[in-house]
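Bear in mind that the values in this text are calculations on the coordinates, not laboratory data. Everything quoted here is computed from the prediction, not taken from an experiment. Using ideal geometry, Cβ is built from the backbone for each residue, glycine included, and neighbour counts are taken over all protein chains shown.
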Ligand SMILES: [Cu+2]
């Protein structure tokens, strides 16, 4: 398996640099180290989670966990819960009343009943005071509650519970492969299992060349991209309440930014493939692109399709299109007024750098929204409404559409239309803020003398293999055979930025280095203005560094990007490393990090044969003024997208390109800003699976 070992992650030449991320908090310093409680090592916890998630549709394959599951009584000793057992009583009551969703049924987070039950279980997990209680409850409920609800609750609990701080979650595409893998390949996997014949099956992207959208299916259907999207929504759940233990810093703004980046990245992929940028969705116009998902639920049949050019219809029991339009106009009104009215009618000023955060909470909407009653839940409702357009009145008893799962949503091209629509609402707000002045943007005494890129910016496709062993049904009595699929995916050759920075302040200064790129031209060959370009800027990296007086030569590698993450380790790797550690070996999962960021493979858009022109810009700003936490240049435990603790950068996401630039000379004359043109090539290379 091509797992990227990022052991040299922090190596660099030049001054000390903090990648405040590498895309993730370090999840597992060393498996052999002891956990926070006497007797439970990190390796043991990892072992437990591996087996809780392995073969989720069958029995637990670990004898010890299985016997806990069979004998544990969640209500026996309430002193192990920080809420005195309140959560566990609730779910046990529903269980005894036979109200819980059965197993072997599809699960959707957007279904209120399903969500309610998954959150009841999450509430139990998050209130466990020690690992033994946590894992005993997990084992117990794994045998009882719906598998989808269980997986969701356990993932979110492992992400947010301090007890599971060092646990590395297995890739969701190996836990619930149905949500990531085409039906044809899943069928082949079942046949292989039935005949006990090992098999490696090739996955292809949905549709045919007759559909121009298929040219960019490698983006929306990429399993790493899908994982990024679903894990982000687990780090920042819309249903989160601070009573669970911590506040999710700048959640609404992060919602805007992560989807904005998906939107602009998708447009750059489209330009790479000679397609126009995405047009936003209009509630009163046909949905141009239909979609045939070629994906099937483990239980519940195929995901519904939607033909081309369908007109929006009200969705029974969810929303009328009119309601969505009303909510939209209330939000646009708030933007025009520059304030939001909270539940009590009190005004919340949004004409400042924190306004975007409130707006994000409102548009999603999350439980952080100050007024759900009035501003509704535009994003969540729109996902369901769009997802149901194949059967808006529920006549055919179809399961939810791909848009009703974060795992599958980006497969449908209309996902990007929907998000372009919301992104434009956010833009309306950002454009209403006063542009930054040259004075505000200047970093006194600091100038970028040179910016260049080491090596050609080049992308290629490669085959990636993952296991489908958890897709099929099996029994303990019969040996497993290897069943896997390989799927083409985008990657890029390593490169590095060379940045020469002069510091004339006569003393060491802390600096933030922000790197972006945007396409130079649209699909008609027309050059973007600076103002158009900067809104389409792809964030490539952000890090802190100390500038010594005089010249600083910084070499920053593409692999170090703090907005991206390496591949998630496979289930097999997790099993192997955990076993080694438990056997007393010196095993470590140190370099595996949370999958919240964009896959590093996707750092660069595909580009094309002739080389697609991009504007590459770097802004070096005052690290002291930017820093929201101490020790940034040394501390590496930050996650660009993560939810743990304060977000380290005081500046808005996208700074300094987040506001309107009516006069681009402001940037051209800025010594601490540099701007060059680069080309991104794709020579049609495909590294085959062997
Ligand atoms: Cu999303």
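A compact table of results
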quantity: Cα-based helix-to-principal-axis angle, 86-96 vs the chain, degrees rounded to 10; calculated: 50 degrees
quantity: Value of relative contact order over the chain, rounded to a whole percent, pairs C-alpha under 8 Å and six or more apart; calculated: 24 percent
quantity: Ranked by how many other beta carbons lie within 10 Å on average, peptides 328-338, 380-390, 542-552, 173-183 from highest; calculated: 173-183, 380-390, 542-552, 328-338
quantity: Percentage, to the nearest whole number, of Cα pairs in region 233-280 over 12 Å apart; calculated: 69 percent
quantity: Residues in region 412-443 that a label on residue 504 would reach, taking backbone N under 15 Å of a point 7 Å out along Cα→Cβ; calculated: 442-443
quantity: FRET efficiency, residue 624 to residue 460 (Cβ-Cβ, R0 41 Å, nearest 0.05); calculated: 0.50
quantity: Pairwise FRET efficiency - residue 494 versus residue 351, Cβ, R0 = 41 Å, nearest 0.05; calculated: 0.45
quantity: 222 nm mean residue ellipticity, helices alone, for the chain (DSSP H n ≥ 4; -39,500 (n - 2.57); rounded to 500); calculated: -9500 deg cm²/dmol
quantity: Gyration tensor (Cα) of region 41-189, equivalent ellipsoid semi-axes in angstrom; calculated: 24, 19, 14
quantity: 518, 239, 232 arranged by Cβ crowding within 10 Å, fewest neighbours leading; calculated: 239, 518, 232
quantity: Nearest 10 degrees, 0 to 90: helix 131-142 Cα axis against the chain principal axis; calculated: 70 degrees
quantity: Exposure proxy order (Cβ contacts within 10 Å, fewest to most) of 351, 422; calculated: 351, 422
quantity: Calculated on alpha-carbon atoms, Rg and Dmax of region 49-127 in Å; calculated: 13.7, 35
quantity: Contact order relative to length of region 514-613, as percent, for alpha carbon pairs under 8 angstrom and 6 or more apart; calculated: 27 percent
quantity: Residue order, fewest to most surrounding Cβ atoms within 10 angstrom, among 416, 122; calculated: 122, 416
quantity: Gyration tensor (alpha-carbon) shape descriptor, region 384-426, a/c threshold 1.5; calculated: prolate
quantity: Protection proxy ranking, peptides 150-163, 84-97, average beta carbon neighbours within 10 Å, highest first; calculated: 150-163, 84-97
quantity: For region 444-523, the spread of Cα positions along each principal axis, largest first, Å; calculated: 73, 38, 22
quantity: Cα-projected label distance for residue 94 with residue 474, points at 7 Å along beta-carbon direction, nm; calculated: 3.2 nm
quantity: Estimated inter-spin distance, residue 373 and residue 76, nm [label 7 Å along Cα→Cβ]; calculated: 4.7 nm
quantity: Whole-number Å³ per residue for the convex hull built on Cα positions in region 118-237; calculated: 142 Å³
quantity: Span from the region 145-204 Cα centroid across to the region 652-681 one, whole angstrom; calculated: 42 Å
quantity: FRET efficiency for residue 440 and residue 529, using Cβ-Cβ distance with R0 set to 25 Å, rounded to 0.05; calculated: 0.75
quantity: Gyration tensor verdict on region 306-454 (Cα atoms; rounded if a/c is under 1.5, prolate if a/b is larger than b/c, oblate otherwise); calculated: oblate
quantity: Global form of the chain, assessed from the alpha-carbon gyration tensor, a/c cut-off 1.5; calculated: rounded
